[in-house]
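> Please read through the structure below; I'll follow up with questions.
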Amino acid sequence: MRAASPAAALTGGVAGAMGPVPPAFPPEAPLGDVLAAMAQARASAVLAVDAEGRPVGILTEQDVSRRVAFRLPPEAPLAAAMTTPVIGCAEDAGLWRAVALLRAGRLRHLPVLGADGRCVGMLHRAETLAAVSGRLLGHLDALAGDDAAVKEAQAGVATALLGEGVAVRDVVSLVSGINIELHRRVLDRCLATHGSPPVAFTLLVMGSGGRGESLLRPDQDNGLILADYPDAEHDRVDAWFRALAADFNAGLAAAGFPLCPGGIMAMNPLWRKTLPQWQHQMEIWARRRSGAALLFSDIAFDFRAVAGDPAPAQALRRHLARVLEANPALLVAMAGQNQSLTVGLTLFGGFTDDEPGPGTRTDLKLHGLMPLVAAVRLIALRDGIAETGTPARLAALAARGSLLGREAAELESAFDLLLDVVLRQQLADHAAGQAPGNLVDTAAMSRGARGALRDALKAVRGFSRGAIGSFTGQLW
């Protein structure tokens, strides 16, 4: 693989690309004072902020030349020349999102806003776009469009990044980040329609989204943690969130995220409740340890907050650790269920035929990624590791001595290879006008590629069997 190009920067966050916070003034500040401070700071833009320090306007060098020079007296207020409202970018957004906003709005400056709405830095067009190759820009422009356009452009960006030699894990991080951004966009649009919620809430994503490992067409796995409220208010509060959740899940479906066949979505009351109710639900799963409880645990335990206050999700993660410590039999039951996750190799070392009909392709998500992800999850949950991503869990397990460093590195390599093969298959399906899938034609691979894939699956099989056996005591 070629060395990663500067386009790899797109897979990171905005923090590494932003400059310092520009000078800020109240809107009524005299322009003479503002321009003097702007010159002294050698800043190309200043912000107008409200009493809480949140940007309400921006004045750039271009604004000065167009609106101020020879037009407004020094005593005129900043509000007379500034541009408002301010287009900003969230501090936790991916750099790809910032590039899309800069190009779509033909902006030269993009304030980066923290959770409290205050500016924490500034992105400048020239420096930000310098990391992007010309062949990517068309795809990035589409990422500023409507939901369907963003989902469509996602495949183009991934293809271009892989073509430039960006590591597959970084590309998947970008793909997954776009998926999360779409969740936030759909939620913001629903909130604009429904108004202020009766109580605060946190949006959770679970499954591959919670791990940051979702690909082109993941099912929905989401839920809401609601702030606690009096029982007498239940009908009113639940009615509001029931309507919001229904619109949210429908909006995600329209954007390209299929409804979860198992109903793991916020519109289902099981996945929409207060923190104490979530905590109690996990205790129930730990006691039942069968059927739906195990299915839900496999998906839900990879949860993370993607909108709203993250504190309730952090509290729920701590509670889950206590539940598992007090109920180790739940992990044993989960391990027993995960025994059905076999790898895609036959007894004689060939690749399994998972394709209905005459084809012989292998499902390398079901029979490659999933056995590895499930086994790593089990050990990470047992050891109280808070990370949800598979590579992060492997690194944490190696750091604490639960895995040898050599084994962790081998499994990370296997994970990356399987991700690469499955993602490239999904991109090929998309380019052919088909729904992205996980069936891979191993016969079409070169001999070397087949050998590497076979070795990766053997590593996953050995690790998975050992991990599950450590819980169940069962020999293979």
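The values are calculated or read from the model by the stated rules, or taken from the named source; none is laboratory data. Quick caveat: nothing in here was measured; it's all calculated off a predicted structure. Backbone-built Cβ (ideal geometry, glycine too); neighbour counts: all protein chains shown.
> What number of residues within segment 178-213 are assigned to a loop (DSSP other than H, G, I, E, B) and on the phi < 0 side of the Ramachandran plot?
7
> Looking at segment 74-100, which of its residues are surrounded by fewer than 20 Cβ atoms within 10 Å (Cβ to Cβ), at pLDDT 85 or above and not in a strand (DSSP E or B)?
Once the filter is applied, which keeps residues that are surrounded by fewer than 20 Cβ atoms within 10 Å (Cβ to Cβ), at pLDDT 85 or above and not in a strand (DSSP E or B), segment 74-100 yields P74, E75, A76, A79, A80, T84, P85, V86, I87, E91.
> Within segment 367-466, considering only helices (runs of 4 or more DSSP H) that don't extend past its boundaries, which have at least 1 residues that are farther than 19 Å from D298 by Cβ and modelled with pLDDT under 95?
Working: elements: 370-382, 390-399, 405-431.
Passing ranges, in order: 405-431.
> Hey, could you check segment 156-192 for residues that are under 16 Å from G209 (Cα atoms) and small (G, A, S) and say which is surrounded by the fewest Cβ atoms within 10 Å (Cβ to Cβ)?
S173
> Here's something else I'd like to know. Based on what the data block shows, is D247 touching a Cys at 6+ places or on another chain (Cβ under 7 Å), in the same structural domain as T202 (by TED's automatic domain parsing), surrounded by 14 or more Cβ atoms within 10 Å (Cβ to Cβ) and not hydrophobic (A, V, I, L, M, F, W, C)?
Working: touching a Cys at 6+ places or on another chain (Cβ under 7 Å): yes; in the same structural domain as T202 (by TED's automatic domain parsing): yes; surrounded by 14 or more Cβ atoms within 10 Å (Cβ to Cβ): yes; not hydrophobic (A, V, I, L, M, F, W, C): yes.
Answer is yes for this residue.
> May I pose another question? Filter segment 151-170 down to residues that are β-branched (V, I, T) and over 17 Å from the mean Cα position of the chain (by Cα), then give me how many there are.
2
> Which members of segment 15-49 meet the condition of being within 30 Å of G94 (Cα to Cα), exposed (fewer than 13 other Cβ atoms within 10 Å of the Cβ) and in contact with a strand residue (DSSP E or B) (Cβ under 7 Å, 6 or more places away or on another chain)?
P20 - this is the single residue of segment 15-49 that is within 30 Å of G94 (Cα to Cα), exposed (fewer than 13 other Cβ atoms within 10 Å of the Cβ) and in contact with a strand residue (DSSP E or B) (Cβ under 7 Å, 6 or more places away or on another chain).
> Quick one: which residue in A431, A399 is over 30 Å from I284 (Cβ atoms), without any contact (Cβ under 8 Å) to a residue 12 or more places away in the chain and surrounded by fewer than 17 Cβ atoms within 10 Å (Cβ to Cβ)?
Criteria check complete, one pass: A399.
> If L216 satisfies every condition in (1) in contact with a Phe, Trp or Tyr (Cβ under 6 Å, 6 or more places away or on another chain); (2) among the aliphatic types (A, V, I, L, M); (3) assigned to a loop (DSSP other than H, G, I, E, B) but one, which is the exception?
The one condition L216 does not meet is (1).
> Tally up the residues in segment 330-341 that are surrounded by 15 or more Cβ atoms within 10 Å (Cβ to Cβ) and either hydrophobic (A, V, I, L, M, F, W, C) or farther than 14 Å from F471 by Cβ (or both), please.
Looking only at that region, the number is 7.
> In addition: Among residues belonging to segment 427-476 that are charged (D, E, K, R) and more than 30 Å from the chain's Cα centre (by Cα), point out the one that is farthest from G256 (Cα to Cα).
R447
> Got at least one residue in segment 46-61 being over 34 Å from the mean Cα position of the chain (by Cα) and at pLDDT below 90?
Yes, that holds for at least one residue.
> If you don't mind, there's one more thing I want to ask. What residue, among those in segment 194-221 that are of a type in the set (S, T, N, Q) and in contact with a helix residue (DSSP H, G or I) (Cβ under 7 Å, 6 or more places away or on another chain), is farthest from P391 (Cα to Cα)?
T202
> Out of (1) crowded, with 17+ Cβ neighbours inside 10 Å; (2) farther than 30 Å from A431 by Cβ; (3) at pLDDT 95 or above, what's the single condition that is false for A307?
Status for A307: all satisfied but (3).
> On to the next question. Any idea which of R103, R71, R66 is within 30 Å of V171 (Cα to Cα), outside any strand (DSSP E or B) and at pLDDT below 90?
None of the others qualify; the one that does is R103.
> Moving to a separate point now. Could you list, in sequence order, all residues of segment 339-366 that are farther than 20 Å from I299 by Cα and in a strand (DSSP E or B)? Give the derivation first.
Our first condition is that a residue be farther than 20 Å from I299 by Cα; within segment 339-366, this holds for 344-362.
Scanning segment 339-366 gives L345, F351, T362.
> Modelled with pLDDT under 90, assigned to a loop (DSSP other than H, G, I, E, B) and outside the structural domain of D231 (by TED's automatic domain parsing): does that describe G165?
Against the criterion (modelled with pLDDT under 90, assigned to a loop (DSSP other than H, G, I, E, B) and outside the structural domain of D231 (by TED's automatic domain parsing)), G165 qualifies.
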